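The values are calculated or read from the model by the stated rules, or taken from the named source; none is laboratory data. Bear in mind that the values here come from a model prediction, so they are computed numbers and not experimental data. As a convention, Cβ positions derive from the backbone with ideal geometry for all residues, glycine included, and neighbour counts pool all protein chains shown.
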Amino acid sequence: MSESPQIVAIVNVTEDSFSDGGRFLESEAAIAHARKLADDGADWTELGPASSHPDANPVTAENQIRRLEPVIAALREGPLPLSVDATTPEVLAWALDAGIEMVNDVRGFPDPAIQERLASSKARAVVVHSLLGEERARRDDASPAHVLSSIDRFFDRRLAELVAAGVDESRLIVDPGMGFFLGRDPKASIAVLRGLGALRERFGRPVFVSVSRKSFLRVVTGRGVEDVGAATLAAELYAVRQGVDYIRTHDAGALRDGIAISGAITP
């Protein structure tokens, strides 16, 4: 089995995330949950101050930063490096100024000012593809062929933009997107999963993937978000076999155990 990916544990400091909205909105709950995920085997803690699913409410930059500040202050001296999952330029700039080790933008960092700010930082940058390039997903239709073509065009353009802006290529990580970011047809996300190894080879950059509890798994299995843990783990372990470098997940313990057993079985 190839080298294990880094496990990026999701902590949504939000009121309306599709899977756990409201559970960790209070800073004390978010801090406790992050520490548990670290104990469960995560390599990174990723904090999300606003949801990006289709029905999410907008959250001002001021409120996003207010949600992040106490959690980051408590976790900064902890065992794991921190990532911030945000799209609002003011929030991304604040996170970079705060010395966050990784930032993740579902729009793929389209803003020239943020590209320049990334260039002057040391943070890793997860460049996410979506069909829309917007803050939130939408329930649109797209064929697998259209999605795969969109991924190639997007990374050809955006990676070149970021390097031209002065971002060190060694800090760029590619994320093809999953679920509603690729449209509502589950076949698109499945096609992207199958092609993760080729994506890594095509662009020569580490690959980051987030399938945890996503809509395409729920469509395929017919299960609700509370019951899609087994499907999530199956998709994540497939991504491991494809050689991805980072997996973003709600359940760090299950993924860590799954990787351990797969490694023990595989010569």
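A Cβ distance below 7 Å, combined with a sequence gap of six or more or placement on separate chains, defines the contacts here; from the range 68-82, residues that are free of Cβ contacts under 8 Å to residues at least 40 places away in the same chain reach residues that are among the small types (Gly, Ala, Ser) in the pairs Ile72/Ala98. Contact map, the range 142-157: residues that are closer than 14 Å to Ser130 by Cβ and in contact (Cβ under 8 Å) with a residue 24 or more places away in the chain paired with residues that are part of a helix (DSSP H, G or I) and not hydroxyl-bearing (Ser, Thr, Tyr), Cβ distance under 6 Å, separation 6+ or inter-chain. Pairs shown: Ala142/Ala188; Val147/Ala188; Phe155/Phe203. Looking at the range 30-44, I want the residues that are β-branched (Val, Ile, Thr) and have a partner that is modelled with pLDDT of 95 or more and buried (at least 16 other Cβ atoms within 10 Å of the Cβ) with Cβ atoms under 6 Å, at least 6 apart or on another chain. Which pairs are those? Taking only residues 6 or more apart or on different chains, the pairs are Ile31/Val71; Ile31/Ala74. Scanning the range 69-113 for residues that are in contact with a strand residue (DSSP E or B) (Cβ under 7 Å, 6 or more places away or on another chain) and at positive phi returns Gly108, Phe109. Checked against (1) in a loop (DSSP other than H, G, I, E, B); (2) under 17 Å from the mean Cα position of the chain (by Cα); (3) modelled with pLDDT of 95 or more, Glu134 passes all but a single condition, namely (3). Only residues that are modelled with pLDDT under 95 and not in a helix (DSSP H, G or I) were counted in the range 24-47, giving 3. Scanning the range 244-267 for residues that are under 21 Å from Gly195 (Cβ atoms) and surrounded by fewer than 16 Cβ atoms within 10 Å (Cβ to Cβ) yields one hit, Ser262.
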